[in-house]
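S.K.: Sharing a structure here in structure tokens format.
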Amino acid sequence: MKRREPLNNTQLLMTIAIGIFFVMYIAAMIFMGGGFLKVQQVFDLLNDNAYLIIIGCALTIVMIGGGINISVGGVISLTVMACALYLNGTGLQNAGGIVVTFLLALGIGLAFGAGMGFLISYLDIQPFIVTLAGMFLSRGLTTILSVNPVKVTHEPFLALVKTKIQIPFLGYVAQNGNLIPAKLEIGAVVALLIVIISFVMLRYVKLGRNIYALGGNQQSALMLGINVRRTRFLSYVISGLLSGLAGFIFLMHKPAGNASVAMRSEMDAIAASIIGGTLLTGGVGNVIGTFFGVMILATIQKIIGLSPLNESWWQDMASGALLGVFILLQSVVLSSREKRRAQKAATAPVLQKG
């Protein structure tokens, strides 16, 4: 019988995150009931956090490569404002305006991703400094575009916003006996597709394996013939594109732009990535874990929002405490695994001699 290989660090941390989410959600179902007993509650978590799932994937890809990107929230804000203004100012009451708006969102994300990626990869400037500048720049440009909130009035786009995907067999029975189907927004479907695509890219595509190698050990990656600069540059390009896409998805969920859109979302995305098992040191991480990291944070906010302690600072405290627990858990789990490996390596020669 073939011996089963143990889980690697990425798989182990991801499994822990998945287990904690299910324990947390089942506990909410048992002790709080209500909406947690309906499938629509899970769908609502997906609908409300679709943009965060996407930028969580963006941060995970960069962090696996040993980098960081704190500009994603600012890029979302700029994308939302620019797209809202474009939709209102084109006068194109047709689907063509939506297609151009989508391309505009991707273009903004690509410009920031490529620009910051070039500075980090080819000029060797610290990622934190470059992406901090990108955050300030994008937030500033958002304010320049419009100080006042902008509400989208483009009718075809608003019709797209109202479109929901109904899944009848996952609905619930109302008091009158009718089956109310569960509803999922288009943005949530896109977010799930991004998670799947990112997972496949990181695991099965050469670029993804290069990103893991880069984050694991840059010198080893160079010795393996990996183009380190290009790999790091492409990781930031992908991160920028996903940020632009997240901005478009955010606008589909809330069709209005203002200077405070997606404030602190970069911190939430980083927290979700860490909770999902991504290490800040690079080389370890998985977008599936990040997805469940987002769901854990969203579930905490929902639980506290439905409890007597529904003030925002309780949510921040709970999220911060959970993040600290996960960082400590990662440290303990990984250090214990390293000690066991060292012990096995030390006893192996002795066993061979015996």
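A short reminder: the numbers here are calculations on the coordinates, not readings from a lab. If you're wondering where the values come from, they're calculated on a predicted model, not measured in any experiment. Note: ideal-geometry Cβ built from the backbone for every residue, glycine included; neighbour counts use all protein chains shown.
S.K.: Of Phe248, Phe22, Phe292, which is the most mobile in a GNM of the chain whose springs link Cα atoms less than 10 angstrom apart?
M.R.: Phe22
S.K.: Kindly list the residues of the stretch 296-321 that lie in the label zone of Ser260, defined by a backbone N under 20 Å from the point 7 Å along the Cα-to-C-beta vector.
M.R.: Residues passing the 20 Å test: 301-302, 305, 310-317.
S.K.: List the equivalent ellipsoid semi-axes of the stretch 113-257 in whole Å, largest first, each obtained as the square root of 5λ for an eigenvalue λ of the Cα gyration tensor. Could the numbers behind the result be given before it?
M.R.: On the way: eigenvalues 296, 122, 19 Å².
So the equivalent ellipsoid measures 38, 25, 10 Å along its semi-axes.
S.K.: Further question on the same structure: What's log10 of I(q)/I(0) for the chain at q = 0.14 Å⁻¹, Debye sum over Cα points only, no solvent?
M.R.: -1.20
S.K.: Residue farthest toward the positive end of the dipole of the chain, with Cβ of Lys/Arg at +1 and Asp/Glu at -1: which of Gly216, Ala17, Phe292?
M.R.: The residue sitting most towards the positive pole is Gly216.
S.K.: Going by average Cβ density within 10 Å per residue, which order do the peptides 193-201, 80-88 take, highest to lowest? Display every interim value, and only then the final one.
M.R.: Numbers: 193-201: 16.8, 80-88: 23.2.
Listed from highest to lowest mean packing, they are 80-88, 193-201.
S.K.: Considering all alpha-carbon pairs of the stretch 1-79, what whole percent are spaced by more than 16 angstrom? Mind showing how you got there, number by number?
M.R.: Values: 2162 of 3081 pairs.
The answer is 70 percent, as a whole percent.
S.K.: Now, a different point. How many lysine pairs in the chain, separated by 8 or more positions in sequence or lying on different chains, have Cα atoms less than 16 Å apart?
M.R.: For the chain, the number of qualifying lysine pairs is 9.
S.K.: Assuming R0 = 22 Å, can you tell me the calculated FRET efficiency for the pair Ala133 and Asn88, based on Cβ-Cβ distance, to the nearest 0.05?
M.R.: Details: r = 30 Å, r/R0 = 1.34.
Calculated transfer efficiency: 0.15.
S.K.: Given R₀ = 30 Å, what would the calculated FRET efficiency be for His253 paired with Ala27, taking r from the Cβ atoms and rounding to 0.05?
M.R.: On the way: r = 28 Å, r/R0 = 0.92.
With a Förster radius of 30 Å, E is 0.60.
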